[in-house]
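Heads up: the structure comes next, in structure tokens.
Here, each number is a calculation from the coordinates, and none is a lab measurement. What you are looking at is a predicted structure, and each value in this text was computed from that prediction instead of being measured. Reconstructed Cβ throughout: ideal geometry from the backbone, glycine too, with neighbour counts over all protein chains shown.
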Amino acid sequence: MSDKTFYITTPIYYVNGDPHMGHVYCTVSCDVLARFKRLDGFRTHFLTGTDEHGLKVYQSARDKDMSPQEVTDLHSQNFRDLQPLFNLSNDDFIRTTEDRHKKGAQALWSKLEEAGDIYLDSYAGWYAVRDEAYYNEDELYDDEKGVKRAHASGAEVKWVEEESYFFKLSEWQDRLLEFYEQHPDFIHPSSSKNEIISFVKGGLKDLSISRTTFDWGVPVPGNEKHVMYVWIDALANYMTALGYPEKTDLFNTFWPADIHMVGKEITRFHCVYWPAFLMSAGLSTPKAVFGHGWMTVEGEKMSKSVGNVITPQTLIDRYGLDPARFILLRIAPFGNDCDFSHETAVNLINAELANGLGNLAQRTLSMIIKNCDEQIGARDNLTLEDEALLSQAYQMLEGVRVEFDAVRLHKGMEIIWKVVSAANGYIDSQAPWALKKTDIARMKVVLSVLSEVIRCLGLIIQPIMPDSGGKILDQLKVPEDQRSFEYLSPNHALSENITIDPPQGVFPRLVEEDAA
Ligand code: ME8
């Protein structure tokens, strides 16, 4: 068993509504990274789940005339159903209403209390249910109707006054600043990092961490009149899913997490509150938090509360599973905001999948079927062009690894599609269809070089498009146990004289009206 480990998490999603493309965007990006690491020899744990307590979920149940438990059961299942729909490889799915979670969240609370970081007082201030967040007066504005809203999100805030436990966040300012200094890779991207550091430098107020006006939450240990503030409950999921407070094998192996992938609107919770809670409890802090941008539709953030959602099923119906996974990551530089356009999606899928990789595999393999007795030929007397293309294919892994480690998924994909373009350029310049008439031996070498490059491409696209990568490797008769990245090297090149299967189109072209 490998001693290299990798633990990646998505945010746990609120169950006040059904999943949409924004949630899938985040979860698929984590799935790609998790699959990449598994194929790259890491023992990997990938966690997702649902955030089921708090006022927002409670109110949404009330609005639907359902009990909170009914509403959470229903919507949590809809998030869980994304696993088969998007071919997600998560190892676990946590619900914060599970006993294993509640027990762990309470244990974390007790640790903070033992550390002397919790006290009882009363809270008077502004609260946005949509964000489940407290805001200071200077973070608010009045809209045209005089409704008070938070600048950060536009969510409406209401005045709240109640008895509450507080976490002594104000005492953590210097230690947090020191922590960011000592862990320069903790916050990504750098724009979020600057924002977080200046927020902390601006001074921290103690944080209200319990509520008494509703009971849909984890009871505070020792004072069940209070339920925990939904964020302290929710953040604990990253550890409770590993068995915390028990120091299970899973916990010892995977904590601290390598990456918490989150939307940029919740980096503050993950980069300020979470490390403060963990340091207070004497636990290690995650290695990195990556705050990705928002998918917008016609310029507005897609959200259940705003009501402009594209459903996950629509994406699959329009594009098919693997092209849908591909387009989520390809449509914009990963991490940036992006406005999803159906027309751009169709054009990219046709250019890079159907005409790019699909056509490369189809052209090469059908020529082998027709002209080489279905057999991969020898790769001898290689020319400089042959060598250059092969070495670009073998070197691709190192480049993609660097980019994926830095969560620059789009850059990693660029490296892969450079090889696709180079291979399509090579096929055009070598013109094996012309060699068929003049130099059959050379034609066989060209097609064999191309097949080997296609094998490398089939291997490396597996994290992004697992089924399509698998189909390409099936056609080349690559055994199932030779599909990890250690095989992406000349030492494991396709054997000569293997007989391949007739190619089947891996990426169908989307017809013009799909772009309408
Ligand atoms: O914030 N574009 O849950 P949530 C891109 N429960 N990503 C989007 C998106 C969009 N339009 N909309 C949502 C919560 N997301 C808390 C998290 S974690 C301990 C608790 C993604 O249901 C994005 O990753 O509001 C965002 O951070 C996440 O869904 C939040 O989902």
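For region 94-103, 3J(HN,Hα) computed residue by residue from phi via the Karplus equation (6.51, -1.76, 1.60; θ = phi - 60°) reads 9, 10, 6, 8, 6, 4, 4, 6, 4, 4 Hz, glycine and proline entered as x. Positive-end ranking of 286, 251, 375 along the dipole of the chain, with charges on Cβ about the Cα centre, is headed by 375.
Applying a threshold of 24 Å to the alpha-carbon distances of 4/287; 37/102; 56/158; 418/471 flags 37/102 as lying beyond it. With Cβ to Cβ distances under 15 Å as the rule, what net charge do the other residues near residue 473 carry (K, R +1; D, E -1)? My count for the surroundings of residue 473 gives -3. Under 5 Å between amide hydrogens, built in the peptide plane, is the criterion, and for residue 263 it picks out 292 among residues at least 5 positions away or on other chains.
Electrostatic tally near residue 245: other residues with Cβ closer than 10 Å to its Cβ, Lys and Arg +1, Asp and Glu -1, net +2.
Extending 7 Å from the Cα toward the beta-carbon at both residue 511 and residue 119 defines two label points whose distance is 7.1 nm.
Taking amide H as placed 1.01 Å from N in the peptide plane, residue 477 has its amide H under 5 Å from the amide H of 501, each at least 5 places away in sequence or on another chain. In sequence order, region 105-117 has phi-based couplings of 5, 5, 5, 5, 3, 4, 5, 5, 5, 4, 6, x, 9 Hz under the Karplus curve 6.51 cos²θ - 1.76 cosθ + 1.60, θ = phi - 60°, and Gly or Pro positions carry x.
Within the chain, DSSP assigns beta bridges of which about 55% are antiparallel (rounded to the nearest 5). Stretching the chain fully between residue 81 and residue 162 yields a gain of 25.3 nm (0.36 nm per residue, less the alpha carbon separation). Couplings 3J(HN,Hα) for region 37-42, derived from phi with the Karplus relation 6.51 cos²θ - 1.76 cosθ + 1.60 (θ = phi - 60°), are 5, 4, 5, 8, x, 8 Hz, where x marks Gly and Pro. The charge dipole of region 208-319, taken about the Cα centre with unit charges on the Cβ atoms of Lys, Arg (+1) and Asp, Glu (-1), comes to about 220 debye, rounded to the nearest 20.
Residues of region 25-42 with backbone nitrogen within less than 17 Å of a virtual label 7 Å along the Cα-to-Cβ line of residue 467, please, listed as ranges. In region 25-42, the label zone of residue 467 (backbone N under 17 Å from the point 7 Å along Cα→Cβ) covers 28, 32.
Extending 7 Å from the Cα toward the beta-carbon at both residue 225 and residue 431 defines two label points whose distance is 8.8 nm. When peptides 279-286, 99-106 are ranked by their average number of other Cβ atoms within 10 Å per residue, the highest-first order is 99-106, 279-286. When you count the other C-beta atoms within 10 angstrom of each residue and take the mean per peptide, 54-62, 107-115 line up highest first as 54-62, 107-115. Applying 1/(1 + (r/R0)^6) with r as the Cβ-Cβ distance of residue 287 and residue 100 and R0 = 35 angstrom yields a FRET efficiency of 0.90.
Annotation: amide H of residue 43 within the under-5 Å range of 4, 5, 6, sequence separation 5 or more or interchain, hydrogens built in the peptide plane.
Each peptide in 134-147, 9-22, 346-359 gets a packing score, the mean of other Cβ atoms within 10 Å over its residues, and the list from highest to lowest is 9-22, 346-359, 134-147. Between residue 249 and residue 482, the modelled label-to-label distance comes to 3.1 nm, taking each label 7 Å out from Cα in the direction of the beta carbon.
Just to confirm my numbers, what's the Cα centroid distance between region 3-81 and region 158-220 in Å? A separation of 23 Å, based on Cα centres.
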